[in-house]
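Data first, discussion second: the structure below is written as structure tokens.
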2 protein chains.
Amino acid sequence: MEDYRDHIIPHDHTIQRSDRESKQGHVARVIWFTGLSGSGKSTLAGQLETYFHNQGYSTYILDGDNIRSGLNNDLDFSDSSRKENIRRIAEVSKLFIDAGVIVLTAFISPFKEDRQSARDLVGDESFIEVHVDCPLEVCEQRDVKGLYKKARAGEIKHFTGIDSPFEEPEHPDVRVNTTERSQEDCLKELIKNIEPKIGL
Amino acid sequence: MEDYRDHIIPHDHTIQRSDRESKQGHVARVIWFTGLSGSGKSTLAGQLETYFHNQGYSTYILDGDNIRSGLNNDLDFSDSSRKENIRRIAEVSKLFIDAGVIVLTAFISPFKEDRQSARDLVGDESFIEVHVDCPLEVCEQRDVKGLYKKARAGEIKHFTGIDSPFEEPEHPDVRVNTTERSQEDCLKELIKNIEPKIGL
């Protein structure tokens, strides 16, 4: 008995990023959030993803929750591990955009050199850097996860802002200040700046 | 002036795998191809992806081309590196299915233990093992990449089938034999067995 599978003709054409983007109805980009612990990166990335998802875009978030406990669970917080952490996140982001997915990354990523490497690896045109700007004092006062307290007590070493630097982006694609403006205003600012860049 | 962005209400709801699967219109699965070098894994995975893509599914392939040169470019072919290679591929696959994407992996993955680890990590219900079965003699005769010749000459060490074992899956979800049946028949067999598993 014949069925629909009898009419499959194997294509020589391999599916490419552009085919996957066409299927999704938008281009794929890496939206790279950088900022201090407690600045609001994950919150904003989550809200931006929710917005995009509701608009029908195909999205994914990479953050500490799914990366540190999984792919990067062999890495510690030494300088070399932190570099390797960012390298792998950039490599995985590159796979996601090749798959036609908009990927939002929410990691402190304190070093300019590492962020530049990520941009180079992913491709300049596909990389959108978002600086979530919030003074250290405010982040430390919020201290949502209690990490600043531990860092001040010396229980965590090389903590960004305390005994390890955060190198601010000079020319991020978007900068939002989560102390000067409301969360909703920051989200609107992100949407205004980023959504026009993902249309096909 | 008001615009549509004034009406965004940030949701508390974080987007989950099930939301992304609903958006894509299918569930996400890892289709894990295993078999000797030259057995036809990449070819079949590519054709299956093309078929799925043309059916409107959201798909991605992980293979040597995008993994060895990228995420895993720090790994060699030692036993520990081969284990780490498979671990990272499984972790990345897990991220992709969390993103609602059907991911096809095409790696020799010769060791039962590693394939079982991948299945455990991804989750049994999301993991479809495909054994691309082809006798060593045939793979070696094909020798598309000239690797068997090099392995026989001792220029490549620990080459699967030559001086490193391939542990055949005892109960793969699907097994196709690329010598006994045509490529098109193998593809049909894959579609027949796998497509019913990805409907929502």
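What whole-number volume per residue, in cubic angstrom, does the convex hull of the C-alpha atoms of chain B give?
It comes to 155 Å³ per residue, whole-number rounded.
Would you mind getting the accessible area per residue of the protein assembly as shown, heavy atoms of the protein chains only, 1.4 Å probe, in Å²?
Result: 45 Å² per residue.
State, to one decimal in nm, how far the label point of A:D120 lies from the label point of A:S22, with both points 7 Å from Cα in the Cβ direction.
Each label point is offset 7 Å from its Cα along the Cβ direction, giving 3.4 nm.
Roughly how much accessible area, to the nearest 100 Å², goes out of reach of solvent when B and A pair up, both sides summed, probe 1.4 Å?
Roughly 4100 Å² of accessible surface disappears when B and A pair.
Considering amide H positions built from the backbone, and no H for Pro or chain starts, which residues 5 or more places from B:F159, or on another chain, come under 5 Å of its amide H?
B:S164
Just A:I108, A:I89, A:I67 to compare: in a GNM of chain A, with alpha carbon springs under 10 Å, which one fluctuates most?
The residue with the greatest mean-square fluctuation here is A:I67.
Using a 10 Å cut-off around each Cβ of peptide B:95-103, what is the average number of partner chain Cβ atoms that fall inside?
So the per-residue partner count for this stretch is 5.
So what is the 222 nm mean residue ellipticity for chain B from helices alone, if each DSSP H run of at least 4 adds -39500 (n - 2.57) and you divide by all residues, rounding to the nearest 500 deg cm²/dmol?
-12000 deg cm²/dmol
Using +1 at the C-beta of Lys and Arg and -1 at the C-beta of Asp and Glu, which of B:N85, A:A153, A:H131 has the Cα lying farthest in the positive direction of the dipole of the protein assembly as shown?
Working it through, the farthest residue towards the positive pole turns out to be A:A153.
Using just the Cα positions, wrap the range A:87-144 in a convex hull and report its mean projected area in square nanometres, one decimal place.
Its average projected convex-hull area is 4.6 nm².
Which pairs break 28 Å Cα to Cα here: B:K83/B:K145; A:K157/B:K112; A:K157/A:K197; A:K41/B:K94; B:K112/B:K157?
With Cα atoms farther than 28 Å apart: A:K157/B:K112; A:K157/A:K197.
Roll a 1.4 angstrom probe over the protein heavy atoms and tell me the percent of accessible area of the protein assembly as shown that is carbon or sulfur.
Exposed carbon and sulfur together represent 48 percent of the surface.
For labels at B:L75 and B:R181 in the simple 7 Å Cα→Cβ model, what's the distance in nm?
3.0
Considering only DSSP states other than H, G, I, E and B, which GluC sites (Glu not before Pro) in the range A:145-200 qualify as loop sites with at most 13 other Cβ atoms within 10 Å?
Passing sites in the range A:145-200 are A:E155, A:E170, A:E180.
Mind checking the mean number of beta-carbon atoms from other chains within 10 Å of the Cβ atoms in A:56-63?
Per-residue shielding by partner chains comes out at 4.
What does the average come to when, for each residue of peptide B:111-120, you count the partner chain Cβ atoms lying within 10 Å of its Cβ?
The shielding value for this peptide is 0.
What share of all Cα pairs of the protein assembly as shown, in percent, falls into each consecutive 10 Å distance bin?
The distribution over the protein assembly as shown is 4, 22, 29, 23, 14, 6, 1, 0, given as percents.
Once R0 is set to 35 Å, what does the formula 1/(1 + (r/R0)^6) return for the Cβ-Cβ distance between A:K149 and A:E113, expressed as a FRET efficiency to the nearest 0.05?
Rounded to the nearest 0.05, the efficiency is 0.75.
The values are calculated or read from the model by the stated rules, or taken from the named source; none is laboratory data. All values reported here derive from a predicted model rather than from experimental measurement. Note: ideal-geometry Cβ built from the backbone for every residue, glycine included; neighbour counts use all protein chains shown. Side chains are part of the model used for accessible areas, which takes the heavy atoms of the whole protein and leaves out ligands, DNA and RNA. Shrake-Rupley method; radii C 1.70, N 1.55, O 1.52, S 1.80 Å.
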